[in-house]
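Data block below; observations after.
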Amino acid sequence: MEIFIHLPCNNPMTYPHMSVKCPFYMKIFPSEKLMLKTSLSRAKVLERLHRRTISPDGLSADFENSLFEGHVSQDSFLIRSSVTENKMFLPEIQGKLNESPNGTEITVMMKHTDSISKFMMLWMAGVTLGIIVIVMAGFFAGGSKTAILIPSIILGTGIGFINAGFNSESKKAKEKLTRILDAEIKW
């Protein structure tokens, strides 16, 4: 589910994989899809991913140098950055490998984990309910109409934090993937 909040922008950006000019926007539930291209064979890509990924049970050939945790199979992977502390904004990285004549193309989808998305939906529903109650009280019970600013600011701040955190962590994950796979981002 993608819901966008459009913010005014005097200088629209053109995204390389889109044919339209888009203003700056924040997604309520951020995600990112990209294509990586590497000259490595599919077997070499899998070998590098296996070497740098800890399985959920903690097994890895090289625990000290592992960058990710998750699962790597013959044609896909489901991983996230490996960290010692709990970070809420770490994206879940789903990838699919396609061998091409000049190497391997990796389609990557990054998004929040399901538990974070469910928490954010519940949190936003509570704040939205607060906005509705304040609006109703303002119109029907003679309450302050400016009181709506408080939950609106809370909602906007929460969406801003979730986007800033996700964008920061997805950028780090992209850098790690492109580095270990000797890949470039096609789109």
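The values are calculated or read from the model by the stated rules, or taken from the named source; none is laboratory data. Small disclaimer: the values here were computed from a predicted structure and weren't measured. Positions of Cβ are generated from backbone atoms using ideal geometry, with glycine treated the same way; all protein chains shown enter the neighbour counts. All accessible areas refer to the heavy atoms of the entire protein, side chains included, with ligands and DNA or RNA removed. Shrake-Rupley method; radii C 1.70, N 1.55, O 1.52, S 1.80 Å.
Which percent of the accessible heavy-atom area of the stretch 90-161 goes to carbon and sulfur, probe 1.4 angstrom?
Values: 3020 of 4130 Å².
Carbon plus sulfur share of accessible area: 73 percent.
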Using just the alpha carbons, could you tell me how many Å³ per residue the convex hull of the stretch 90-187 encloses?
-> 109 Å³
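At 0.36 nm per residue, minus the direct Cα-Cα distance, what do Lys96 and Met136 gain on full extension? Give it in nm, one decimal, please. Present the calculation step by step, with values, prior to reporting the outcome.
On the way: separation 40, 0.36 × 40 = 14.40 nm, distance 4.87 nm.
Result: 9.5 nm gained on full extension.
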Can you give the FRET efficiency for Thr113 and Lys186, using 1/(1 + (r/R0)^6), R0 = 22 Å, r = Cβ-Cβ distance, to the nearest 0.05?
-> 0.25
Under 5 Å from the placed amide H of Gly143, counting only residues 5+ away or on other chains, we find Gly138
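Can you give the accessible area per residue of the stretch 68-187, in Å², using a 1.4 Å probe? Write down the numbers at each step before the final one.
Values: 6800 Å² over 120 residues.
I get 57 Å² per residue for the stretch 68-187.
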From the phi of every residue in the stretch 158-174, what ³J(HN,Hα) in whole Hz does the Karplus formula 6.51 cos²θ - 1.76 cosθ + 1.60 yield, where θ is phi - 60° and glycine or proline is x?
-> x, 5, x, 4, 5, 6, 5, x, 5, 4, 5, 6, 5, 4, 4, 5, 4
